[in-house]
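Structure record follows, encoded as structure tokens.
Derivation of every value follows stated rules applied to the coordinates shown; laboratory data play no part. What you are looking at is a predicted structure, and each value in this text was computed from that prediction instead of being measured. Neighbour counts run over all protein chains shown; Cβ positions are idealised from the backbone, glycine included.
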Amino acid sequence: MTIELRNIWFTYPGLKRWVLRNVSYVFNDNKTYVILGPNGVGKTTLMKLVALLYRPNIGSIITWGYDYWRLPKDKRLSIRRKIVYVHERPILLKGDVLYNIALGLIIRGVKRDEALSEALRILKDLNLNYLATRDTSTLSMGEAQLISIIRAIIIKPKFLLLDEPLAHIDIDKREAILNILHMLRRDYSVTLLISTHDVSVAKVLADEILVIKEGTISKMR
Amino acid sequence: MNEVIEITLRSIYVSGLATLLSLSISVPSAYYLSRNSRVARVIIPILEALIGVPTVFIGLVLYMLLSTRGPLGFLKLLYTPCAIIIGESILVFPLITAITYRVMHNTWITYGELAITLGANEKQTLMLIAKQALPGIIAASIMGFSRAIGELGIALLVGGNIRGYTRVLTTAIALEVSKGSFEVALTLGLILIVTVLSFSALSRIIERWYGL
């Protein structure tokens, strides 16, 4: 078992309704989960709860056997570093692509030069080395999304969450991202949680398909 | 001519140090407020109201504190450049903090979650946010510096306008006006404006140079 949601209730400050109501679910190792549902049903909220970016109002999140939000702050970091969340709208720092990809490694204490070499290696492996020196402000939405996914992969997380990774991007980049997702499922021991409103994507990638409706979660497959 | 250069350099030195002193407290304060919205909701309106506080009032309060019979009189800071630096840093603190808070709050919304999800600890998150917010912090600093170098009340009351020691551009202008030397006063005023504009231009150059 990787992450378990136990009786989660969540709302945003000022909102007078629950976004998620009594949600419980167990995410197991090395499986691919796809969350289906239209915009505004709480997919991103659920993803950010699992990513430990949001704290539930009620309920617990059990991460590798520990009740995360009851852990002292200094113990949380090592758990947080096993989980990476990729935003629906890619967020890149000012600077070049290589630095952005290396960022997670640099944060983990890898020497800057080594991190940049590793970033270049992964770009070469994916035939994307032409992007290495590009300034992030010149990237298309699809390229930026690709880079933010690669930035997450290079860290080798145990749990990778991709929020609408195929939204807002053109067809050739969609293919590239799908290839990366297939590669992740095949070659990496990682649990994937992907949100989408595209049923065809869900069918191709998912071991389990989850549907959010009226704040509750149910298993479709 | 030499005295004008000396007064100009002293003005830059005093106001520059006051801005740096304020920045050293404003940036961590703004970061803390950007992470604690409930506290920010109370503090930021107060700081914004304090931006317009008359400089002569700060000067007066500081004068009373630093005068020989005041509670801080033993420090013997009255009529020293140090007193002006402290006064001006108090003056610009609300301005720099309020602007830096806005910048950091917006930067936090965009980059805070990214830093956390990439595994940054508290210090790394602060550094990442500060780096992304740097152009805004530089802009806030320039505004603070402009406010500090252009104020008169504090420099006059706690500096004393002592020739060769605490005389700065604004107190020199006030003195020349009181003597009826409007030409000299106008020249000093022009130097003041050119200095402020030069620092603003310099900050733009630095921003472009470093690709901020």
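A few remarks follow.
- GNM top mover of A:125, A:198, A:170 - chain A, alpha-carbon springs below 10 Å: A:125
- From phi via Karplus (6.51, -1.76, 1.60), per-residue ³J(HN,Hα) for region B:42-54 in Hz, x at Gly/Pro: 8, 6, 4, x, 5, 4, 5, 5, 6, 4, x, 5, x
- Antiparallel DSSP beta bridges within the protein assembly as shown, as percent of all bridges there, nearest 5: 50
- Across B:185, B:49, B:130, mean-square fluctuation computed from a Gaussian network of chain B (C-alpha pairs under 10 Å connected) peaks at B:49.
- 3J(HN,Hα) couplings calculated from phi for region A:49-65 with the Karplus curve 6.51 cos²θ - 1.76 cosθ + 1.60 (θ = phi - 60°) are, in sequence order, 5, 5, 6, 6, 8, 10, 9, x, 6, 9, x, 10, 10, 9, 10, 6, x Hz; Gly and Pro show x.
- GNM remark for chain B: springs join alpha carbons under 10 Å apart, and the peak mean-square fluctuation among B:153, B:112, B:59 falls on B:112.
- The modelled label-to-label distance for the pair residue A:214/residue A:172, using points 7 Å beyond Cα in the direction of Cβ, is 4.7 nm.
- Annotation for residue B:57 and residue A:111: the two label points, set 7 Å from Cα along the Cα-Cβ direction, are 5.7 nm apart.
- Whether chain A is rounded, prolate or oblate, judged on the alpha carbon gyration tensor where a/c under 1.5 counts as rounded: prolate
- The label point for residue A:135 and the one for residue B:42, both projected 7 Å from the Cα toward the Cβ, are 4.4 nm apart.
- Phi-based couplings in Hz for region A:203-209 (Karplus 6.51, -1.76, 1.60; Gly and Pro marked x): 5, 6, 9, 7, 7, 9, 10
- Efficiency of FRET from Cβ geometry, residue A:16 and residue B:209, R₀ 35 Å, rounded to 0.05: 0.10
- For residue B:23, neighbours were defined as the other residues whose beta-carbon sits under 14 Å from its Cβ, and their charges (Lys and Arg +1, Asp and Glu -1) total 0.
- Between amide H atoms placed 1.01 Å from N, distances below 5 Å from residue A:210 occur with A:34, A:35, A:36, A:220, all of them 5 or more places distant or on a separate chain.
- Comparing Cα centroids, region B:142-191 and region A:112-133 end up 56 angstrom apart.
- Here the extension length gained between residue B:162 and residue B:20 equals 48.7 nm, from 0.36 nm per residue of separation less the Cα-Cα distance.
- Exposed loop sites, defined as trypsin sites (Lys or Arg not before Pro) outside DSSP H, G, I, E and B with at most 15 other Cβ atoms within 10 Å, are absent from the longest region of chain B, namely B:77-162.
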